Amino acid sequence: MPKNPSKNLSSFLYALAETCTDLWNELDVNGYGEPLKVYMDAMRSVAGDDKSYLALLEYWREYAKERLTALKGPFDIRLGSVDGTDKYRSKFLDKLRLEALQRGGGQIESTLSRYFELPADAPPKLQIMNSYRAARSCGAYKKGLLDKAEFNILSEQEKYCLLKERYSTRLRSLGFNLDEHQKMGSIYTKVLNDIDLCFVFIDQSETGLDVGYIDMPIIALTNKSKKISPGNIGKNAIATFAIRDIIPGFDAICRFDPKSYAQFCLAADSISFVVSSIYSRIETYINNEN
């Protein structure tokens, strides 16, 4: 590993953030992007015109660059990366910050600001919820995933065991290891080539499955000698970020009909796919550097 791992890691994560739109498209091409398309279409509608929507896309890309090169949170979008000279600072976001400050603060991106200010029963928000339900059903059907009647009567703990089993089947085949010693949550790790760096996927979905939500996945990068657990992610990791930091609207992919085993599997498989894709991209950037 280079002498300054944080600085080099910032450059790898910058490269990941810079191509985040490719990751969005990869989800779609591989059959996991139906809920994300609903979110993007809704944001395009709220934007109102192509210029505003393109500005929103630029915001998401620039946010991802600032957030990932900051390495760890908490990250305040209104302030950006302010510590350290090797962090990326977006001129585009600084312009939005100044404009937001002049109008009294709040969300710095205008389309998102308008969306967040809509009441829960506003037509755009009701429509997006209905469209999400249809998209998840369609996505599960396209993947050939079938429902099981007994899924609805399982306890939350039993559902979590199914989730871990689903993750393990997918990720272990790709070289990830499950930390069997975790009392809470699940930790999947894979060493990045022959360097002293470990890629970690953290799941903390013990609660939420009964209402149809898999907890937002967290990615961490740490030295191989450091142990990560859900309780000490920030302490032992060099870098951490949520998948929503590079895939806006990813919360919609994490949701499923609480009664539908097929949609549950679609959400879990979508997360496994993204985790493996992020790993592969970071591995490629490191190989190119070396």
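The values are calculated or read from the model by the stated rules, or taken from the named source; none is laboratory data. Quick caveat, the model's predicted, so the values are computed rather than measured. All Cβ positions, even for glycine, are placed from backbone atoms using ideal geometry, and neighbour counts span all protein chains on display. Ligands, DNA and RNA are stripped out before the accessible areas are found, and what is left, the full protein with its side chains, is counted by its heavy atoms. Shrake-Rupley method; radii C 1.70, N 1.55, O 1.52, S 1.80 Å.
Taking 0.36 nm per residue of separation and subtracting the current Cα-Cα distance, fully stretching the chain between residue 211 and residue 26 would add 63.8 nm. Each of residue 235 and residue 125 was given a label point 7 Å from its Cα along the Cα-to-Cβ line. The distance between the two points is 3.8 nm.
When Cα extents along the principal axes in Å is computed from the coordinates, the matching label among [x] 55, 52, 32; [y] 71, 52, 41; [z] 62, 55, 37 is [x]. Applying 0.36 nm per residue to the separation of residue 89 and residue 45 and subtracting their alpha-carbon distance, the gain on full extension is 12.9 nm. Can you pick out the pairs among 159/259; 87/235; 164/227; 72/226 whose Cα atoms lie more than 18 Å from each other? Check vs 18 Å cut-off fails for 87/235; 164/227. With the gyration tensor restricted to C-alpha atoms of the range 193-273, the semi-axes of the equivalent ellipsoid amount to 27, 13, 11 Å, longest first. Average accessible surface for the chain: 49 Å² per residue, computed with a 1.4 Å probe over protein heavy atoms with every protein chain in place.
Shape class of the range 5-58 from the alpha-carbon gyration tensor: oblate, with a/c at 1.5 or above and b/c at least as large as a/b. A protection proxy built from the mean count of other Cβ atoms within 10 Å ranks the segments 45-52, 253-260, most packed first, as 253-260, 45-52.
Seen from residue 150, the other residues with C-beta closer than 14 Å to its C-beta sum to a net charge of +1, counting Lys and Arg as +1 and Asp and Glu as -1.
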